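Scroll down for the structure; my scribbles are underneath it.
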Amino acid sequence: MTPQQIFARMRERWLAGEPTYDGDMLAEDVVVETPFAAPGRATRTEGRERVLEQTRVGRAGFPVRFDDCRNVVVHETADPDVIIVEYELAGTHLGTGVRASAPFIGVLRTRDGLLVGWREYQHTMAIAAALASG
């Protein structure tokens, strides 16, 4: 898969309420980074099985249904295996019905059609505000 196809698949999974990744899209040595993760959350996860487990547990425990992934802008780079993606996730808090959104930036790297790196920069203040309203 191309980087664009992998991001499209991630987006489909978010909107379907599924964990971000499935094993078929990840390289064995994949690294997922969220440098601005909330306190107590991992900022770096290495390896296919650890990434799959972390995203499965994270999705199951996250009280938000994603309703839209909008304002998507994909920036090509000089490296055909790397893209930078700007996007906004909009969702509904499952406990309260409150709707909110937050912007993100991701750097996605592939090798041989598999995801080897995802670095996501989150607007943690917007996310915390949305979760606090629930």
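The values are calculated or read from the model by the stated rules, or taken from the named source; none is laboratory data. Note that this is a predicted model, so its numbers are computed, not measured. A quick note on method: Cβ atoms are made from the backbone with ideal geometry, for glycine too, and the neighbour counts reach across all protein chains shown.
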Do the conditions hold for GLY47, that is, is it more than 18 Å from ILE6 (Cα to Cα) and out of contact with any helix residue (DSSP H, G or I) (no Cβ under 9 Å at 6 or more places or on another chain)?
-> no
Pairs returned, first residue in the stretch 44-60 that is under 10 Å from TYR21 (Cβ atoms) and modelled with pLDDT of 95 or more, second residue that is of a type outside the set (D, E, K, R) and in a helix (DSSP H, G or I), beta-carbon separation under 8 angstrom, 6 or more apart or interchain, are ARG48/GLY23; LEU52/GLY23
By residue number, the members of the stretch 13-26 that are more than 21 Å from THR124 (Cα to Cα) and either more than 14 Å from the chain's Cα centre (by Cα) or surrounded by fewer than 17 Cβ atoms within 10 Å (Cβ to Cβ) (or both) are ALA16, GLU18, ASP22, GLY23, ASP24
Only one of ARG48, ARG99 is within 16 Å of TRP118 (Cα to Cα), basic (Lys, Arg) and in contact with a Gly (Cβ under 8 Å, 6 or more places away or on another chain); which?
-> ARG48
Those strands (runs of 3 or more DSSP E) completely within the stretch 27-134 that have 2 or more residues that are surrounded by 13 or more Cβ atoms within 10 Å (Cβ to Cβ) and under 13 Å from the mean Cα position of the chain (by Cα) are 64-76, 82-93, 99-111, 114-122
Kindly list the number of the only condition in (1) without any contact (Cβ under 8 Å) to a residue 24 or more places away in the chain; (2) within 22 Å of MET1 (Cα to Cα); (3) among the polar types (S, T, N, Q) that fails for THR20.
-> (1)
Close pairs from the stretch 25-40: first polar (S, T, N, Q), partner modelled with pLDDT under 95 and crowded, with 17+ Cβ neighbours inside 10 Å, Cβ under 7 Å, at least 6 apart | THR34/GLN122
CYS69: passes all of (1) at pLDDT 95 or above; (2) over 21 Å from LEU114 (Cα atoms); (3) in contact with a Pro (Cβ under 9 Å, 6 or more places away or on another chain) but (3)
